[in-house]
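Each value in this text was obtained by applying a stated rule to the coordinates, not by laboratory testing. All of these numbers come straight from a predicted model, not from anything done at the bench. Positions of Cβ are generated from backbone atoms using ideal geometry, with glycine treated the same way; all protein chains shown enter the neighbour counts.
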Amino acid sequence: MPADPPLFANVQEIAGEPELVQLGPAGDEPCLRADAARNRARLLDAAAKLIAEHGAAGVTMEAVAAAANVGKGTVFRRFGDRTGLLTALLDHSERKFQAAFLTGPPPMGPGAPPVERLRAFGHALLRRTVDELDLQLAAEPDPARRYSVPARRVLHGHLLLLLRQAVPEADCELLAHTLMGYLNPALVHHLTRQCGLPTARLESGWTELVDRLTAGDAQPAD
């Protein structure tokens with residue numbers, strides 16, 4: 001049975017691996033003047049220290065401005081809002097994660113069978129989410145933007161690519177959203193902190209989900 005057409009008109013057909021993108025506006029950092037870059041780094045350093053001392057809930061635009069000894073307006077001009085500030089803090093780890101599945105070694109990177117890459121992708125993203133859970137929850141976009149932010153589209157696009165390779169006859173568009181739902185920070189928070197599940201169990205659940213969706217097309221993981 002042929003796959004259903006794309007769910008959204010602005011989702012382009014993926015011919016190859018998605019390109020590495022940053023979380024914030026494209027071309028932001030390279031175009032900054034030296035003094036603006038220093039100010040941005042100082043603000044991010046202040047925000048990171050606040051998170052280390054008080055958790056993500058302690059990061060407000062006012063608190064960051066005070067910690068960095070600048071006016072609140074400077075923080076708003078630099079990052080737009082609190083979500084923009086927290087997103088900028090996540091940008092570095094997001095780039096590293098994207099590089100791992102786009103150009104890194106197998107099984108997460110190119111060179112391994114698609115089902116093995118799906119397994120490795122989910123395990124790595126679960127571990128990253130657990131490590132950065134407070135920050136990821138605080139930076140979660142509002143519902144109107146949640147599925148359109150560039151970084152999420154890259155993650156979804158990568159899953160879509162691998163699913164099309166593994167199960168080309170399936171509705172891979174919707175299956176990719178299903179897999180993304182399993183990796184959602186809010187669900188990870190509920191399962192690990194409210195239900196007390198270990199990360200290893202979430203990883204095992206991911207493996208089982210991938211294997212069931214792909215009908216066990218790959219050899220068992222080592």
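For the range 58-93, the list of trypsin sites (Lys or Arg not before Pro) that fall in a loop by DSSP and count at most 11 other C-beta atoms within 10 angstrom is empty.
Rounded, prolate or oblate: which fits the range 117-222 when a ≥ b ≥ c are the square roots of the eigenvalues of the alpha-carbon gyration tensor, with rounded for a/c under 1.5 and prolate only if a/b beats b/c?
Details: a/c = 2.23, a/b = 1.24, b/c = 1.80.
Note, shape of the range 117-222 comes out oblate.
Peptides 120-129, 180-189, ordered by how many other C-beta atoms sit within 10 Å of their residues on average, highest first, read 120-129, 180-189.
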